[in-house]
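Quick note: the coordinates plus some simple rules give every number you see, no bench work behind them. All values derive from a computational prediction rather than experimental measurement. Cβ coordinates were reconstructed from backbone atoms using ideal geometry, including for glycine residues, and neighbour counts include every protein chain displayed.
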Amino acid sequence: MEAAQAAADATLYVGDHPADDVFPAKAAGLRTAHLRRGPRVYVWADDPEAVMAAGRWTGSLTQLTGIVGA
């Protein structure tokens, strides 16, 4: 982000594992999206902490264009 001169709050971090991706990115001040696909999707889908941390959800990377500006 430093090299790109991007602010944390203007950066969207997309990850499929809340504990490994979403929670750390949120703690660093980034906007986050939970990519709900793969074998862990059902484990985290209704987890209240994951839902609150992510703020945005998608089932496909191609759907990101609809949430990047949101």
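Put simply, the amide H of residue 57, placed in the peptide plane, has neighbours under 5 Å in 34, leaving out anything fewer than 5 places away on its chain.
Once the Cβ-Cβ distance of residue 27 and residue 63 is raised to the sixth power relative to R0 = 25 Å, the FRET efficiency obtained is 0.50.
Annotation note: trypsin sites (Lys or Arg not before Pro) in the chain located in DSSP loop regions with a Cβ neighbour count of at most 15 within 10 Å are 37, 40. Full extension of the chain between residue 6 and residue 51 gives 13.7 nm of extra length, using 0.36 nm per residue less the Cα-Cα distance. For the chain, the spread of Cα coordinates along the three principal axes comes to 36, 25, 18 Å, biggest extent given first. The dipole here belongs to the chain: it is taken about the Cα centre, uses +1 on the Cβ of Lys and Arg and -1 on the Cβ of Asp and Glu, and is about 200 debye. For residue 13, the residues whose amide H sits under 5 Å from its own are 31, 32, 33, ignoring neighbours fewer than 5 places away on the same chain, with H placed 1.01 Å from N.
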